[in-house]
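The values are calculated or read from the model by the stated rules, or taken from the named source; none is laboratory data. Computed from a predicted model, the values in this text were never measured in an experiment. Note that we place each Cβ from the backbone using ideal geometry, even for glycine, and neighbour counts take in every protein chain shown. When the accessible area is computed, the model is the full protein with side chains, heavy atoms only, and any ligands, DNA or RNA have been set aside. Shrake-Rupley method; radii C 1.70, N 1.55, O 1.52, S 1.80 Å.
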Amino acid sequence: NAGIDQTVCGNNAVVTLSGAVTVSTGGGWTTLGSGTFSPDTFSLNTTYIPSAADTAAGSVQIILTTTGNGTCISVSDTMTVTISDIPKVNAGANKLVCLSNPAVSISGTSSTGSGQWTTLGSGTFADANALATTYTASVADTTAGSVMLVLASASNGLCNAVTDTMLLTFVTTPVVNAGIDQTVCANADTVSLSGTSSTGAGQW
C-alpha cells in the first residue's frame, strides 16, 4: 500500500510517504517523474521532493514495489501526487507621492482572493487586510524620501505565502507663482503674463 493520493503546493511540495507491505520483507520507491527521495528509496517512511519538471506537469506518480518476496512475484501500488499552482500576487506599480498629500490609494491583486499589507516604514494602512486600501505615510517615511510596501498572499491553503513589493517615492510639493498683481487700462486688450512653476510646466 503506497498510501492515499496527495495534493501539495508547488512552493511547499515535500511529500511525506508512509508505505506498508505484508508478507514481503520490505519495499522500494520509484517515481514516474524526476524528483528525489530522502533519505532513500528503501525506507517505507520517507519523503519525495518533486522536481521542477514534476511541478510544471502538475502531478507525478509514485510507486511502492515489494522487496524480499521469496518465491513470489513482486507487487506494486501507485499513488498520485497532484501539485497545485503557487499563489500569484501583485502589489501594483511603483508610485510617486506628493509630500503635501502623503495618503495614497493602493490596490493589489492575489490569486487567492485575499492578502495582507505590511510596510518597511512606519506609516499606517486604513485596512491592511484589504487588497485595495489607503496607506498614510509617517513623517519618518517622508523624511526618508521613500518607503517599501509589501503585499503577501493570504488564505494560502497548502501553499506558502508569496509576496510582492511596491515603492512609494515622495516628491516635493509643487510651487507656482502667477506673478504680481497688475493694473491695466480698460481699453488695453492684452495683458502680459509671466508665471513660474517648480515642475517646469503649468496651465493658465
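Brief remarks follow.
- Among the conditions (1) in contact with a Cys (Cβ under 7 Å, 6 or more places away or on another chain); (2) open to solvent by 40 Å² or more (accessible area, probe 1.4 Å), the only one that Leu96 does not satisfy is (1).
- The one condition from (1) loosely packed, with under 10 Cβ neighbours inside 10 Å; (2) under 30 Å from Val89 (Cβ atoms); (3) aromatic (Phe, Trp, Tyr) that Phe170 does not meet is (1).
- Residue match in the stretch 155-164 (condition: in a strand (DSSP E or B) and under 30 Å from Gly58 (Cβ atoms)): yes
- Per-region count, the stretch 124-149, residues outside any strand (DSSP E or B) and not acidic (Asp, Glu): 13
- Filtering Asn69, Asn11, Asn101 for residues that are under 24 Å from Asn156 (Cα atoms) and either at pLDDT 95 or above or not β-branched (Val, Ile, Thr) (or both) leaves a single hit, Asn11.
- Among the residues of the stretch 74-85, none is identified as aliphatic (A, V, I, L, M) and at pLDDT below 95.
- Residue in the stretch 1-15 that is farther than 14 Å from Asp77 by Cβ, touching a residue at least 40 places away in the same chain (Cβ under 8 Å), part of a loop (DSSP other than H, G, I, E, B) and open to solvent by 40 Å² or more (accessible area, probe 1.4 Å) present: yes
- Count - residues of the stretch 165-198 that are in contact (Cβ under 8 Å) with a residue 12 or more places away in the chain and part of a loop (DSSP other than H, G, I, E, B): 10
- Options Ile106, Ile83; residue that is of a type outside the set (Lys, Arg) and either in contact with a helix residue (DSSP H, G or I) (Cβ under 8 Å, 6 or more places away or on another chain) or open to solvent by 60 Å² or more (accessible area, probe 1.4 Å) (or both): Ile83
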